[in-house]
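What follows is a short report on a single structure.
The values are calculated or read from the model by the stated rules, or taken from the named source; none is laboratory data. Given the structure is predicted, the values throughout are model-derived calculations rather than measurements. Counting neighbours? That spans all protein chains shown, and the Cβs are built from the backbone with ideal geometry, glycine included. Accessible surface is based on the protein model in full, side chains and every heavy atom, while ligands, DNA and RNA are left aside. Shrake-Rupley method; radii C 1.70, N 1.55, O 1.52, S 1.80 Å.
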Protein chains: 2
Amino acid sequence: MADRSPILPGTLDLLVLKTLSVGVLHGYGIAQHIHRLSREALSVEEGSLYPVLQRMETKGWVTSEWKQSPTNRQARYYRITAAGRRQLGAEEANFHKSVAATTRVLRGAES
Amino acid sequence: MADRSPILPGTLDLLVLKTLSVGVLHGYGIAQHIHRLSREALSVEEGSLYPVLQRMETKGWVTSEWKQSPTNRQARYYRITAAGRRQLGAEEANFHKSVAATTRVLRGAES
DNA sequence: CGCTATACCTAGCGTCCATATGTATAGCCC
DNA sequence: GGGCTATACATATGGACGCTAGGTATAGCG
């Protein structure tokens, strides 16, 4: 039953950091951004997103601040840090490298 | 160690099935094939490989048979089944779709 | 006043892969 | 014949990760 395609395991940090590299957003907005940019292919579940945002704050990759949202509700806005940008760069490079390697196997280079 | 880059989580089944779609191989040979085709970028650990082969046999995606290897040792050779090929097709399509979606987010289509 | 969309949070669970370890044999070199 | 490496299989343990399922709360709308 696993064939609804959620995000690729291991790429959630990457997607979130990339989203925050564009601007300051709250959690709900991050999920929407990823959903929209992926043309509805990727859905970030809230039960995955909020814990990951907390982990990233603990690691110093993002900072957060409560603010009023455009819809007049309190929301926690996240901002990426310098360390977060370094992490983003490393994860992005690694992702492309791993995808390329996997693709080589799938193409069956030899034969 | 020089190429310390694990496989993308969730792609191990896919890599193994793809490898077996080319021919009958034993576990050790599967790991070597993936390592070589990926140009040493991907290393399949034995502690990951053997359990996954057992799981795939339980699911009916592969069958196995003890045989003599070219080096005169007993080895368990794996053969992909029709169900395994269907699974391979589904996982391969899903992988490409997910990578494309993730790449769209990373390219940051909007500003 | 109920409904929907927005917004955040946590507990619990299953899946997945790596680490570490153990077993065993073939072939080679000295 | 003793040691070494490569080949070959197996499991136990543990951590990381993301999803399911639930809960809380408010703004805006009809």
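Looking only at residues in segment A:13-31 that are part of a helix (DSSP H, G or I) and over 11 Å from the mean Cα position of the chain (by Cα), the one that is nearest to DNA strand C (Cβ to nearest atom) is A:Y28.
Within segment A:17-46, residues that are over 11 Å from B:L106 (Cα atoms) and acidic (D, E) reach partners that are open to solvent by 50 Å² or more (accessible area, probe 1.4 Å) and within 12 Å of DNA strand D (Cβ to nearest atom) with beta carbons closer than 9 Å, at six or more positions or on different chains, in the pairs A:E45/A:P6; A:E46/A:Y28.
Inside segment A:78-111, residues that are in contact (Cβ under 8 Å) with a residue 12 or more places away in the chain and surrounded by 14 or more Cβ atoms within 10 Å (Cβ to Cβ) make up a count of 10.
The condition (being more than 14 Å from every other protein chain (Cβ to nearest Cβ), part of a loop (DSSP other than H, G, I, E, B) and surrounded by 12 or more Cβ atoms within 10 Å (Cβ to Cβ)) is satisfied by just one residue among A:G60, A:G10: A:G60. Under the condition of being over 16 Å from B:L14 (Cβ atoms) and either within 8 Å of DNA strand C (Cβ to nearest atom) or of a type in the set (S, T, Y) (or both), the residues counted in segment B:52-68 number 3.
Taking the condition out of contact with any Phe, Trp or Tyr (no Cβ under 7 Å at 6 or more places or on another chain) and more than 14 Å from every other protein chain (Cβ to nearest Cβ), does B:Q54 pass? Before you say what the answer is, go through the steps one by one.
Numbers: out of contact with any Phe, Trp or Tyr (no Cβ under 7 Å at 6 or more places or on another chain): yes; more than 14 Å from every other protein chain (Cβ to nearest Cβ): yes.
Answer is yes for this residue.
A count restricted to segment A:78-99 and to residues that are in a strand (DSSP E or B) and more than 16 Å from DNA strand D (Cβ to nearest atom) stands at 2.
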